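Student: The following block contains the structure, expressed as structure tokens.
FYI, it's all coordinate maths here, none of it is from the lab. Source: prediction; values computed, not measured. Glycine gets a Cβ as well: all are built from the backbone with ideal geometry, and neighbour counts include every protein chain shown.
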Amino acid sequence: MTWLSLGSLALPHQLQRQGVSLRAEMSRLGVELTTGQSSNPQKKLRGDVGPLAAIEARLSRIDAYEQNARVVVGRVNTTQTTMSKLDSSRSQIMSSMLAASMVGGAADSLVNAGASAKAALQDAISALSVRVAGQAVFSGVATDRDPLVDAETMLAAVVPLVNGFNSAQDVATTVNSAFTDPGGLFETAFYQGVGSAPEAMIDDGSPELALPTAADPAVRELLAGLVTAALVAEPSMSLQQGQRRQLAQSSAEALLGNAGAMTGVQARIGDAQARLDTQLLQFSTERDALTLSRGALVGVDPYEAATRLEEARTQLETLYTVTARTSRLSLTGYLR
């Protein structure tokens, strides 16, 4: 009859099971010590996971809303920067037109001023074609296309409307009507966008932000003033020199009158920027509060977790020692 008992045969398997159990315990405690949260919240909360689920759901919504808000922040900031550029260009062309309209100025002052206005028109159209994340900012919901035709196309469509006019006032009125009248040339031939700018909802129940497009009345007035100023140097126009000076003065007055509308648009965008900043701050504050609440529900004591982890490590080292000694046992050693 052999001396080797059934318990001795089972000993290696028992040691292996204990090793697996201790390693799993160490892994669990390591995760809890790193994250500061229980690895089994259901057990810790005794099955009442409703409050935890509500916190996790709100945190997920905050992450989604915050991501949307940051995308909108990029669009709003870009819009504000563009409007500032347009307003600066408006002021510069207004000043040059006023100088060119003065009687007794240099003969080529009107030509130079008109060329500057045409360049400003091109720059304005280029600025309004800005994109964020591949989407046109000033095209409304038609984010796949530029909002406006180019300056050459715009002028080529306007010049035939005013050719043959002998009065600067008639020219200025016609250009202004083409840009501002409903169903006019601007809406039918110049503007390529559709509707208002699309914006993601920032939070539950919060109103969407209304950003301007290239069809905003203030922008249309600005473009009309720049086109009028550019016509001052148009060679095909039949206006006399005096009437060209009058046209330069009319464009300067139009651009000056546009200042209030441009300021209003920038103020509206500034309000949107302030709302976004406030909303992002609220998200951050709410996230911190929810994180603290979640920690109170499923958080673990880091000192206790570290102590238990050290105990498990000590037990595992002891198990390895016992296993090593057991594996060295032999019949000869037993008989001695």
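Student: Around residue 217, under 15 Å between beta carbons, what's the net of Lys plus Arg minus Asp minus Glu among the other residues?
Tutor: Charge balance in the 15 Å sphere: -2.
Student: Would you mind calculating the gained length between residue 284 and residue 311 on full extension (0.36 nm times residue separation, minus the Cα-Cα distance), in nm to one decimal?
Tutor: So the chain would gain 5.9 nm between residue 284 and residue 311.
Student: Let me ask something else. Return an integer: the convex hull volume of the alpha-carbon atoms of region 111-202, in Å³ per residue.
Tutor: With only Cα atoms used, region 111-202 gives 121 Å³ per residue.
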